[in-house]
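Student: Just passing along the structure, written as structure tokens.
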Number of protein chains: 4
Amino acid sequence: MSERQLQPAVTGFMADGTHVLRARVYYEDTDAGGVVYHANYLRFAERGRTEYLRDVGVSQSELSDEEGVYFVVRRSVIDFRLPARLDDALEIQTRIAGIKGASFEVEQTIAKAGADSHLVKVDSTIACLDRKGRPVRVPKSVKSKLDRHDGAGSR
Amino acid sequence: MSERQLQPAVTGFMADGTHVLRARVYYEDTDAGGVVYHANYLRFAERGRTEYLRDVGVSQSELSDEEGVYFVVRRSVIDFRLPARLDDALEIQTRIAGIKGASFEVEQTIAKAGADSHLVKVDSTIACLDRKGRPVRVPKSVKSKLDRHDGAGSR
Amino acid sequence: MSERQLQPAVTGFMADGTHVLRARVYYEDTDAGGVVYHANYLRFAERGRTEYLRDVGVSQSELSDEEGVYFVVRRSVIDFRLPARLDDALEIQTRIAGIKGASFEVEQTIAKAGADSHLVKVDSTIACLDRKGRPVRVPKSVKSKLDRHDGAGSR
Amino acid sequence: MSERQLQPAVTGFMADGTHVLRARVYYEDTDAGGVVYHANYLRFAERGRTEYLRDVGVSQSELSDEEGVYFVVRRSVIDFRLPARLDDALEIQTRIAGIKGASFEVEQTIAKAGADSHLVKVDSTIACLDRKGRPVRVPKSVKSKLDRHDGAGSR
């Protein structure tokens, strides 16, 4: 009973300005090459960014419902170093690398849990848009929450 | 130039009340078992239903925008007989098996193109909903278009 | 440091013969209807079955590598009652409903965490195959582990 | 009958060293933002590369089965300019931008069919690997087929 109440829906935490999310590789993530399908690393990356934002108190659904502000990926650079495989426990590390006027930079790595080096690296530019798809400044409330955990500043 | 203009975005046609859609299996559709990931047959089935409706003149986006009517899958029964594999050219056969007040029945098979027997069979109940998610009758305009191609009636 | 070591990759547990897995709904799971794409409930269901098996000590990769035995979904019946939405914390409940010679029955529900009633119900027949895709008996080692947690027997 | 035999599984063609593939956007491709889920553009891109290779006579399954050579994506740079939406007919343009020893560069755009400007641009480095995952030279048979359609050379 108590175990049930304590059980979270996800397994992430913040450490030194970097958010760490654990995720398992299931059949749905793999392809006939026997490894994770390359596009699916962007899914893991998005889960990591979402949980990062949630952890620092930024609710994307509230932002869009109340302020009409949306985050969209504007650009991603993905280095596929080594493949992840079925059953792997992955660790998605996410940190904010910089905040500009209407966008922010996110640096992410995906590694096997406990491993020293990563499998995949994803650097993304996230833009803020209004309901009509026009660029708007990162809201102050968001910026202050991101600043506090800014990976660059925390070192 | 003319080749370009003639080139369609999809490759489907209607034959004797049954709609046939061709689709290729790509890496994205497969899993580490070397075959199509089981949930993805529902994707192929939905492509088949969508192109069936488009072919008989039912535009789902118009229906939802103009009449506030949505189609949702209420129930699916899937028999996975044999697996499809990377590079297979599949043939998705779709026919309407019956129309009730607020729903209709769709019978679909997925086979290798040119094969006599199917790999997977998907029987689905599709419900009509209004904007608030309440059941509504299948619109007359839709019913008359489906009736004309009703697999049961065409035999 | 210790938080990191304690952090699991997934969040599941067994209670009274039923396995419960928590999972978050991300953008990747949704569609333009604003809800979870219907085929993706089969993904959540497969995650639930995988973690059930892992929890009772059945490793699917060991089974296939060492004994040449594979589990495949032979049939699924899915009732889509109500949709899950972005950011929902879902609870996937999995129990074994019966074991036959070369297959077993799994009953699953997907609900919002903490809710009394489910959104989606998935009943599946899982078959055991050898490397050539022929049906084989459920291995004794697996059967004894499933029996112990058989939902039917635990009542 | 004859319509059936003529009907291809995919709809692509080569024009001036650039391969063009048409593809429809289905619900499966979209997300709750009402647009194509960002990771799924990599799926469209991979379909385009696969059909390009098939069109110039390179069979990836034969290559891996007979010569033990695999193509993997080593790096992708994706610019998300504008979103694609449900029902859009997309045109995926693929051209080879250069061939090095053990890899080749592919430049791709995804646009609405008939549009002058693209929605998304994907530049990828594709590496050749042997069965053990070590880099190997692009096989001569592949290189000669790519050279003939090399986008750079064809101008």
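The values are calculated or read from the model by the stated rules, or taken from the named source; none is laboratory data. Everything numeric here is computed off the predicted structure, so don't read it as measured data. Quick reminder, even Gly has a Cβ in these numbers, built from the backbone with ideal geometry, and neighbours come from all protein chains shown.
Student: Can you tell me which residues in segment D:44-55 are surrounded by 17 or more Cβ atoms within 10 Å (Cβ to Cβ) and either more than 9 Å from the chain's Cα centre (by Cα) or in a loop (DSSP other than H, G, I, E, B) (or both)?
Tutor: Listed by number, the list holds a single entry, D:D55.
Student: Within segment B:110-135, can you find the residues that are outside any loop (DSSP other than H, G, I, E, B) and farther than 16 Å from B:L21 by Cα?
Tutor: Across segment B:110-135, the qualifying residues are B:D123, B:S124, B:T125, B:I126, B:A127, B:C128, B:L129, B:P135.
Student: Can you find a residue in segment A:57-76 that is farther than 25 Å from B:A39 by Cα, at pLDDT 95 or above and acidic (D, E)?
Tutor: The answer is no; no qualifying residue exists.
Student: Quick one: C:D31 ticks every box in (1) touching a residue at least 24 places away in the same chain (Cβ under 8 Å); (2) touching a strand residue (DSSP E or B) at 6+ places or on another chain (Cβ under 8 Å) except a single one, so which number is it?
Tutor: With (1) touching a residue at least 24 places away in the same chain (Cβ under 8 Å); (2) touching a strand residue (DSSP E or B) at 6+ places or on another chain (Cβ under 8 Å) applied to C:D31, the lone miss is (1).
Student: Give the residues of segment D:82-113 that are in contact (Cβ under 8 Å) with a residue 24 or more places away in the chain, out of contact with any Gly (no Cβ under 9 Å at 6 or more places or on another chain) and closer than 30 Å to B:G48 by Cα, sorted by residue number.
Tutor: Answer for segment D:82-113, where residues must be in contact (Cβ under 8 Å) with a residue 24 or more places away in the chain, out of contact with any Gly (no Cβ under 9 Å at 6 or more places or on another chain) and closer than 30 Å to B:G48 by Cα: D:A84, D:D87, D:D88, D:L90, D:K112, D:A113.
Student: Kindly indicate whether any position in segment D:113-121 is crowded, with 16+ Cβ neighbours inside 10 Å, in contact with an Asp or Glu (Cβ under 8 Å, 6 or more places away or on another chain), aliphatic (A, V, I, L, M) and farther than 24 Å from B:D88 by Cβ.
Tutor: Checked against the condition, which is being crowded, with 16+ Cβ neighbours inside 10 Å, in contact with an Asp or Glu (Cβ under 8 Å, 6 or more places away or on another chain), aliphatic (A, V, I, L, M) and farther than 24 Å from B:D88 by Cβ, segment D:113-121 yields at least one hit.
This table checks each residue for (1) within 13 Å of chain B (Cβ to nearest Cβ); (2) at pLDDT below 95.
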| residue | (1), (2) |
| --- | --- |
| D:E3 | yes, yes |
| D:Q7 | yes, yes |
| D:D16 | yes, yes |
| D:V20 | yes, no |
| D:D29 | yes, no |
| D:G48 | yes, no |
| D:P83 | no, no |
| D:T94 | no, no |
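Student: Hey, another quick one. Being under 29 Å from A:L21 (Cα atoms) and surrounded by fewer than 22 Cβ atoms within 10 Å (Cβ to Cβ): is that true of C:F104 here?
Tutor: Spelling it out, it is not the case that C:F104 is under 29 Å from A:L21 (Cα atoms) and surrounded by fewer than 22 Cβ atoms within 10 Å (Cβ to Cβ).
Student: Exactly one condition in (1) part of a loop (DSSP other than H, G, I, E, B); (2) touching a helix residue (DSSP H, G or I) at 6+ places or on another chain (Cβ under 6 Å) is not met by B:P83; state its number.
Tutor: Condition not satisfied by B:P83: (2).
Student: Shifting gears a bit: Given the criteria touching a Gly at 6+ places or on another chain (Cβ under 9 Å), buried (at least 21 other Cβ atoms within 10 Å of the Cβ), facing chain C (nearest Cβ under 10 Å) and without any contact (Cβ under 8 Å) to a residue 60 or more places away in the chain, does B:A39 qualify?
Tutor: The answer is no for B:A39.
Student: So, one more: Pull out all pairs, ordered by first then second residue, where Cβ-Cβ is under 6 Å, the residues are six or more apart or on different chains, the first lies in segment C:61-75 and is within 7 Å of chain B (Cβ to nearest Cβ) and touching a residue at least 12 places away in the same chain (Cβ under 8 Å), and the second is among the β-branched types (V, I, T) and surrounded by fewer than 15 Cβ atoms within 10 Å (Cβ to Cβ).
Tutor: As it stands, the answer is none, since no pair meets every condition given.
Student: Residues that are in contact with a strand residue (DSSP E or B) (Cβ under 6 Å, 6 or more places away or on another chain) and closer than 22 Å to B:G34 by Cβ: does segment B:91-98 have at least one?
Tutor: There is at least one residue in segment B:91-98 that is in contact with a strand residue (DSSP E or B) (Cβ under 6 Å, 6 or more places away or on another chain) and closer than 22 Å to B:G34 by Cβ.
Student: Tell me whether segment D:142-150 contains one or more residues that are at pLDDT below 90, more than 14 Å from chain B (Cβ to nearest Cβ) and outside any helix (DSSP H, G or I).
Tutor: yes
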